[in-house]
Amino acid sequence: MLRRTFLCLATAFGLALSGAAFAQPFTTLSPPQPTEPGKIEVIEFFWYACPHCYTLETAVVSWTKNAPKDVVFKRVPAASGGWDKLAAVYFTLEAMGILDQYHGKVFEAIHRQNINLAKPDVREQWLAKQGIDVAKYKDVEKSFAVMTKVQRAKQMSASYKVENVPMIVVDGKYVVTAGSAGGQERVFQAVDQAIAAVRREKGMAAAPAPEVAKR
């Protein structure tokens with residue numbers, strides 16, 4: 001857990017560089033990963049226990065509300081090593097149809113209330129206090145659908161070379177982190193620039209910015 005926390009905290013080094021000039025505030029993933037045709041895919045890899053993922057969440061929500069029509073946004077809980085326990089929380093809440101209601105509350109519980117939701121007994125107590133049926137949660141958590149999604153998240157974490165979070169990948173090719181962007185407050189400026197680069201490469205016109213498609 002300490003090693004994983006260190007990797008998460010490694011993104012903080014980018015904050016010290018916020019005054020520097022970055023000609024290209026993103027790096028290139030090699031090899032690039034396949035994406036669904038038709039829209040520009042933006043994936044945020046995160047971990048519930050990462051403090052920088054928690055502080056970035058407000059910007060994530062704000063950006064997705066105003067992202068252009070040609071963008072599809074996806075959250076993927078990183079599932080490398082010990083991160084898979086909290087990835088399972090994400091996918092279980094999603095399968096129960098209550099993710100939108102509790103996604104932010106999971107972050108708050110961990111970072112504001114110091115509740116270790118990676119521990120089953122602690123998590124069950126927290127779920128009960130939220131009015132969530134613990135027995136149903138446990139059944140869903142063990143379901144084939146959830147286990148398959150956790151395994152897929154592990155595969156994606158490896159394919160996308162996720163070693164620290166938050167990490168945002170644009171169209172399977174361009175990687176944005178606080179370090180590459182020159183500070184966490186510049187992350188979505190960098191995402192917008194990466195999207196613009198994808199459009200240029202594909203000869204796409206800029207799209208208007210109503211609601212983004214979210215998954």
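The values are calculated or read from the model by the stated rules, or taken from the named source; none is laboratory data. Because the structure is predicted, anything quoted here is derived from the model rather than measured. Cβ: placed from backbone, ideal geometry, glycine included. Neighbour counts: every protein chain shown.
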Would you check if there is a residue in the stretch 131-154 being closer than 15 Å to GLU44 by Cα and either in a strand (DSSP E or B) or touching a residue at least 24 places away in the same chain (Cβ under 8 Å) (or both)?
yes
Of (1) more than 21 Å from LYS119 (Cα to Cα); (2) at pLDDT 95 or above; (3) in a helix (DSSP H, G or I); (4) hydrophobic (A, V, I, L, M, F, W, C), ILE43 fails just (3)
- Query: Is it the case that the stretch 138-152 has a residue that's surrounded by fewer than 17 Cβ atoms within 10 Å (Cβ to Cβ), among the aromatic types (Phe, Trp, Tyr), at negative phi and out of contact with any helix residue (DSSP H, G or I) (no Cβ under 8 Å at 6 or more places or on another chain)?
  - Reply: yes
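Counting only residues that are among the small types (Gly, Ala, Ser) and modelled with pLDDT of 95 or more, which one in the stretch 54-68 is surrounded by the most Cβ atoms within 10 Å (Cβ to Cβ)?
Start the filter on the stretch 54-68 by keeping residues that are among the small types (Gly, Ala, Ser), which leaves 59, 62, 67.
Narrowing further to those that are modelled with pLDDT of 95 or more: 59, 62.
Working: ALA59: 16, SER62: 11.
Result: ALA59.
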Confirm whether ASP171 is among the acidic types (Asp, Glu) and exposed (fewer than 14 other Cβ atoms within 10 Å of the Cβ). no
Based on this model, can you work out whether PRO37 counts as modelled with pLDDT under 95, out of contact with any Asp or Glu (no Cβ under 7 Å at 6 or more places or on another chain) and either small (Gly, Ala, Ser) or farther than 16 Å from VAL187 by Cβ (or both)? yes
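Residue by residue, here is whether (1) closer than 22 Å to ALA79 by Cα; (2) more than 11 Å from the chain's Cα centre (by Cα); (3) free of Cβ contacts under 8 Å to residues at least 60 places away in the same chain holds:
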| residue | (1), (2), (3) |
| --- | --- |
| GLN33 | yes, yes, no |
| GLU36 | yes, yes, yes |
| ILE40 | no, yes, no |
| ILE43 | yes, no, no |
| PHE46 | yes, no, no |
| LEU56 | yes, no, no |
